[in-house]
Structures are given as C-alpha cells and as structure tokens.
Amino acid sequence: MQMKLHMVTIEDLVPQEHFLRKLEAVLDLSFVYEETAGLYSRKYGRPPIDPVVLVKYLLVGFLYGIPSERQIEQRIQTDVALRWYLGIDLLERVPDHSTISQLRRRKPLFRKIFRRLFERVVNQCIAEGMVSGGLVLTDSTHVKANASRASEEQIDMPESPGAYWERLDFYEEEGLETLRQRTGRRRKKRAKQIKKDNRRTKKRVSRTDPEAGHMKRPGKPQGQYYLSHQTLDSGHGIIIGLTVTPGDVHDTVPYLEQLETIHQTVLPLGAAAADSAYDFPLAHRELEKLGITFFVRPQAVHDRTQVEFKRNAFSYQPDQDSYLCPQGKTLRPKGLYRSASGLFWQYQAEKADCLCCPLRDKCLSEHDRRGARKLEDSYFKPSVQRSRSRQETEDYRQALKKRQIWCEGTFAIQKRCHNLTRLLRRGREAAEDHCLLSATALNLKRMVNYLN
Ligand code: SF4
C-alpha cells in the first residue's frame, strides 16, 4: 500500500453537518465543573480526567448504542468525530475504560450528574418550545439486570406500607369523618389494623444483584429485571420524567409521585394518558385534585360473586346515595371498608328485608344466608366516573393513540439504538444512571433534529 502524507487537523476531518457538531453547538456541559468541584482534590494526586470528557465519553456510548465502556474506548480510538467531540486530538491517548469504570465506582456522588444532565436537557427542550405539558404519556419497560438466575433464592420479607397506603390513610380519615356526620358513629381506623397485621410477602432475589426484581408478567420474559417508568410529552416525544424500580414493582407504584413531581417542579400538566395497568381509583382522584385530565384505558372488571344477582342487577339512586335491589328494597351506605388494596363504601340491605325475601336464593350466597346483601363501591367512584365519561370523546381516542405511538415507539428506539436492553452494572442506582443516560441520549437526538 502506498502511504501519503496529508496536512490536516481533526477540525478538517469532521463534516460540518455531523450530528456531534450540532450537539456541541446546543449542549452546554460547563455545569459539570461546578457540580463536581467538591469531588476532586486540588492538592493531592495526579490531574484527574476532565469531568466533561467523562460525561461525553459515557454519553456517546448511549448516543451510538455502544454497550460497554471498553467498546466506547475502542470506538473513540478509531472514530475521528468522537475524538473531536471529546476534545481528544488525533494522536492523543483516549482515557482508559477501566479508569472511567473505577471513577464511577469510587466517586458515587458523581452519579448526581446524570440526573442533573437529564433535567437540564428537559428544561432546554421546554425553553425551545418542544414540551408543553398539554398531554403526557406514561408507560414502563423492562431492562435486564446483570443478575444470575442460578443464584436466585426465595426470601420471606415484611410488606412495607409505602406511599399508596399513606395516601389511603388520608382518605380513610376523610371518609370516616363523612360517615360520622351521616350516622353519628365512628369506627376505628382500619389502616392501623392493616399495619399491625404485619403482612409478609415472598420475593425471589438474586444474590448477584439483590436490588433487581423477579419479573413475571404475561407476554414478557421472566427473570431478574429493572423497570424504567417513563413519562413523555406528546408534542415531540421528549422524556420528561423517569423512575427506576425493581422488575417486580407494579406500574402504579411510582406513577402518582412521578406525575406530581413533574407537575410541581418541571411544568404544569394539562392531561395524562396511560394504559389499563394504571387504571386504579386513587389515580383518578389524585390527578383530578391536581387539575390533570386523566385518559386511561379501563381495566376489565370481573364480577366474581357466586350468586345469580350480580352487581348490575342493582340500580344506583344518586339522590339518596343508595342502591335499589331487584325486590325494590334499599341498600344504604353502612360503613367504610379498608383493605390492603383500596378503600370502599359498603352498602347494605336491611337484614329484616332479606330474611323474608322470596328472591334470597338468587341474591345471597350460602355464606350470607343469615345476613343481608352487601355491595362495595370504591371510595373514589365519583372521580372514576368523571374520567369514564370522557371515554367516548375524540380527545380520549387521540390521547390513547398518541400513548401507543410515542411510548411503544420510544421504547423500541431506546432498546435498538440507546442501550436500554440490558445492564452491565449492578444495583438500583446504577440502573437509574443507565436509564437516565439512555433517555438523555434520545432527548438530545430529538432536540438536535428539532433545532436543525
Ligand atoms: S335478598 Fe335482600 S337485597 Fe336481595 S333481592 Fe331480596 S331484599 Fe333485595
């Protein structure tokens, strides 16, 4: 092969239209110096790797779907555009992948940069008019944990009350007060009783990453996973909220907190759409309280009552807040029922009516033969009904269509191009860093395309 000598600089070798040039023009990373100032000693040790280079090093890995730090190093060595973006000249040595790994491991405080970077990019997208908050879309996707299934073991652990129970405590107090005003009676708070029950749950844990969760969902792979719960703006698909949980956590658990945080700290939200997994009564009430219109596909309801007269045989009388049974008798609200899963008004017929009723065989189960028929309604039924009333509207159809297009499409792109398939590091915090970098890479790509 004949060798030629060229007089060029790295600047000449990177095309003017290259994506990284556009990215460099719009993304200011100078905040990284401020954020990391406290992590480095000015007196001791060798000069550190420039923290901005470190952030760019990891960011290009997620922008170009390079799965490991070792492979990022190899790509930077041979890719002139990546060298240009990181400010590493043609013959300059690329930072070693193990130095980057050790730095991330030894300076755990560095991880706050990833959250800060994500937030700054979101704020920049808002400033550029890409995010309005008019309609946000939420869904979750699984990311395979670096956890061995061979080291899985079943452990028995206490079930913690969690934020959901705390919210129910508040509404239970409100409901008991309403009940006292109506009937003059007040019973003890069931929430305390539930906590005392000391509920326990069985969990499959992998010893190699005990913070991951064993995912077992219909149509999904089974094993140790994390879940990335993402909320996107429907305008340009910018991810504006992200929470990572173990793979065995239900989608509803982080949902309300994530939307509240966005609504209170990022930008006010107008409407939220989600699939049927997010259709739980408390969400309807909480989002209504925040003034957020909730579009959600309803969950299929199965009436498991073992009698002929199912729930739909009873007609609700809104004026009296009661039900009429097929025999024309009234079921009135008798109490507030609290279970681990929710809060319910309990309606009950008069025992005397049921005892002499000719239809009792069709209405009362074997178990209830000596008692009276009961029905339960969610405490949040009025909010649920107001949400349901939007089901036939064009806004509802459009919102659910956008949810499917943006959420499913975004997850597909992240998995295919931005490393959202599997994790190399272990632990929930490392999983969160990974998902934040993947989301930031996608947001940057969409922002750069929008601005150009
Ligand atoms: S059993 Fe009671 S609730 Fe059922 S139809 Fe008869 S009176 Fe009505």
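The values are calculated or read from the model by the stated rules, or taken from the named source; none is laboratory data. For clarity, every value in this text was computed on a predicted model and none was experimentally measured. Because the Cβ atoms are built from the backbone with ideal geometry, glycine has one as well, and the counts that use them run over all protein chains shown. With ligands, DNA and RNA removed, areas are computed over all heavy atoms of the protein, side chains included. Shrake-Rupley method; radii C 1.70, N 1.55, O 1.52, S 1.80 Å.
Tell me, yes or no, whether region 92-107 has at least one residue that is among the hydrophobic types (A, V, I, L, M, F, W, C) and under 33 Å from the mean Cα position of the chain (by Cα). Before the answer, list the steps.
Of region 92-107, the ones among the hydrophobic types (A, V, I, L, M, F, W, C) are 94, 100, 103.
So of that shortlist, the ones also under 33 Å from the mean Cα position of the chain (by Cα) come out as 100, 103.
Checking region 92-107: at least one residue is among the hydrophobic types (A, V, I, L, M, F, W, C) and under 33 Å from the mean Cα position of the chain (by Cα).
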Report summary line: Expected single match for under 21 Å from the mean Cα position of the chain (by Cα), over 30 Å from ARG285 (Cα atoms), not hydrophobic (A, V, I, L, M, F, W, C) and not assigned by TED's automatic domain parsing to the domain that holds ALA431 among ARG167, ARG116 is ARG116
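Any idea how many residues of region 86-117 are of a type in the set (A, V, I, L, M) and surrounded by fewer than 16 Cβ atoms within 10 Å (Cβ to Cβ)? If you could, list the steps in order and put the result at the bottom.
In the first step, residues of region 86-117 are kept if they are of a type in the set (A, V, I, L, M); the result is 86, 88, 90-91, 94, 100, 103, 109, 113, 117.
Next, from what is left, pick out any that are surrounded by fewer than 16 Cβ atoms within 10 Å (Cβ to Cβ): 90-91, 109.
Going through region 86-117 one residue at a time, the tally reaches 3.
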Report task. Just need a number here: residues in region 290-336 that are of a type outside the set (D, E, K, R), under 19 Å from TYR347 (Cβ atoms) and assigned to a loop (DSSP other than H, G, I, E, B). Result -> 12
Query raised in the report: Quick one: how many residues across region 163-204 are open to solvent by less than 60 Å² (accessible area, probe 1.4 Å) and modelled with pLDDT under 75?
Result: 3
Query raised in the report: Of the residues LEU287, LEU227, LEU269, which single one is touching a helix residue (DSSP H, G or I) at 6+ places or on another chain (Cβ under 8 Å), in contact (Cβ under 8 Å) with a residue 24 or more places away in the chain and either closer than 30 Å to ASP209 by Cβ or assigned to a helix (DSSP H, G or I) (or both)?
Result: LEU287
Requested in this report: Output the residues belonging to region 72-85 that are touching a residue at least 24 places away in the same chain (Cβ under 8 Å) and surrounded by fewer than 23 Cβ atoms within 10 Å (Cβ to Cβ).
Outcome: GLU73, VAL80, ALA81, ARG83, TRP84
Requested in this report: Being open to solvent by 80 Å² or more (accessible area, probe 1.4 Å) and near the ligand (Cβ under 9 Å from one of its atoms) narrows it down to one of LEU355, LEU359, LEU364, so name that one.
Outcome: LEU355
Requested in this report: Tally the residues that are assigned to a loop (DSSP other than H, G, I, E, B) and farther than 29 Å from ILE10 by Cβ, restricting the search to region 75-127.
Outcome: 1
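Being within 12 Å of the ligand (Cβ to nearest atom) and in a loop (DSSP other than H, G, I, E, B) is the filter; apply it to region 337-352 and report the residue that is least open to solvent (accessible area, probe 1.4 Å).
Our first condition is that a residue be within 12 Å of the ligand (Cβ to nearest atom); within region 337-352, this holds for 347-352.
From the residues that got through so far, the ones that are in a loop (DSSP other than H, G, I, E, B) too are 349-350.
Values: ALA349: 6, GLU350: 77 Å².
Of everything passing the filter in region 337-352, ALA349 is least open to solvent (accessible area, probe 1.4 Å).
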Query raised in the report: Is there a residue in region 47-61 that is among the charged types (D, E, K, R) and in a helix (DSSP H, G or I)?
Result: yes
Query raised in the report: When region 259-292 is examined, which residues are found to be over 18 Å from ARG390 (Cα atoms), in contact with a Leu (Cβ under 8 Å, 6 or more places away or on another chain) and open to solvent by 20 Å² or more (accessible area, probe 1.4 Å)?
Result: GLU260, HIS263
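Quick grid of which residues meet (1) free of Cβ contacts under 8 Å to residues at least 24 places away in the same chain; (2) open to solvent by less than 20 Å² (accessible area, probe 1.4 Å); (3) more than 30 Å from ARG304 (Cβ to Cβ):
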position	(1), (2), (3)
ARG373	no, yes, no
LYS381	no, no, no
THR393	yes, no, yes
ARG416	no, no, yes
THR421	no, no, yes
ALA431	no, yes, yes
LEU437	no, yes, yes
Requested in this report: Looking at (1) closer than 21 Å to ARG386 by Cβ; (2) open to solvent by 50 Å² or more (accessible area, probe 1.4 Å), find the lone condition where PRO333 falls short.
Outcome: (2)
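Do we have PHE295 as open to solvent by less than 80 Å² (accessible area, probe 1.4 Å), of a type in the set (Phe, Trp, Tyr) and away from the ligand (no atom under 12 Å from the Cβ) here?
Spelling it out, PHE295 is indeed open to solvent by less than 80 Å² (accessible area, probe 1.4 Å), of a type in the set (Phe, Trp, Tyr) and away from the ligand (no atom under 12 Å from the Cβ).
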Query raised in the report: Out of (1) within 12 Å of the ligand (Cβ to nearest atom); (2) surrounded by fewer than 19 Cβ atoms within 10 Å (Cβ to Cβ); (3) touching a residue at least 40 places away in the same chain (Cβ under 8 Å), what's the single condition that is false for ARG388?
Result: (1)
